[in-house]
Ligand code: SAH
């Protein structure tokens, strides 16, 4: 007898209200025998008040509420567990999707400082698993299960807004300010759903969430044709590229898709993106001890940036490597990290070192694995 394991199905999730265009929403209510203006009312509940259950919407005819729920509001995200650290200001939620796949999203509240206003950032997932197989990333080790739908992606933002509104994130108020597509998955490998999610997040209410494109960051390993496509969309989201090495020899090893699209092609595409959108590109660089953290590599990186323009088009975001199970890589020594930063600064490249928020709850960059351990499912 074959051993039956709990393999999540790859089946697509059912279509949801959030997946529909404005015209399709009007048609959907007409198909239920309701006038078109009801579509706006429903959308206001969803996108302006972040509500999920039409049976509670008393401004709609009672008889129609259940029909609307049945037709267009399937449950997409079921909370499996929630963990927090940093006094409750970092919250990781594990979700079960339709078909059983698990994904995670991480909400981070940053209190005001002398230099910046308070803000909350949601790091969301765009795929269940990831097919890019980067060896230092926990998500990459598990392979890909399936793409997430637009509604599944947007629902993570709505859920985070509800969490803030419910007072579950100490200090945070209002709603999510920034969304980063840096959770599980490669957003550019799920281009259509991600792009529709971006359009929905940035559409004015009640058709969408009303966020500014500038508040959204899409991070990619470097699927060059998709970066070019995004450049043409005319939506000025921030582009982040996970470079991690400035030379092909090393990058081929760290980022398998580099064998297909080389460092030069990727940086050219990123530079064009910056030119066209006037948005500074973020170059992500996870510092790995004795692998990519040498000062001479920092100089190669600086030259790669400067030879494409002045220093203004890119910003280097160094990420201290977060531990992942079984990984042979570790974070750099602090003196090597400092030397790397100083080299970039000498070349006048804007550089910051990212905090390792959420690492205690395996919620930091590269740690999202949606495994039973975090779900409390016994491992
Ligand atoms: N697939 C996209 C989106 C994920 S973003 C991308 O790769 O850009 C997650 C970021 O965390 C990426 O920059 C990724 O390279 C980085 N990362 C992966 N594993 C990491 C680890 N162990 N420590 C620090 N950063 C890591």
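Just so it is clear, none of the values below were taken in a lab; they were calculated from the coordinates. All figures in this text were calculated on a predicted structure; none of them were measured in a lab. Methodologically, a virtual Cβ is constructed for each residue, glycine included, from the backbone with ideal geometry; neighbour enumeration extends over all protein chains shown.
Just a few scattered comments:
- Ordering 224-234, 53-63 by mean Cβ neighbour count within 10 Å, with the highest value first, yields 224-234, 53-63.
- Relative contact order (%) - criterion: Cα under 8 Å, at least six apart; region: the chain: 15
- Segments 356-367, 326-337, 64-75 sorted - mean Cβ within 10 Å per residue, highest first: 356-367, 64-75, 326-337
- Cα gyration tensor shape of segment 1-130, rounded if a/c is under 1.5, else prolate or oblate by comparing a/b with b/c: oblate
- In the chain, the calculated helix contribution to ellipticity at 222 nm averages -9500 deg cm²/dmol per residue, counting -39,500 (n - 2.57) for every DSSP H run with n ≥ 4.
- Ordering of 271-283, 125-137 by burial proxy (mean other Cβ atoms within 10 Å per residue, highest first): 125-137, 271-283
- Cα gyration tensor shape of segment 290-337, rounded if a/c is under 1.5, else prolate or oblate by comparing a/b with b/c: prolate
- Across segment 121-170, the mean sequence separation of Cα contacts (distance under 8 Å, 6 or more residues apart), normalised by length, yields a relative contact order of 33 percent.
- DSSP-defined antiparallel bridges as percent of all bridges, the chain, nearest 5: 50
- Centre-to-centre separation between the Cα atoms of segment 276-308 and those of segment 87-126: 27 Å.
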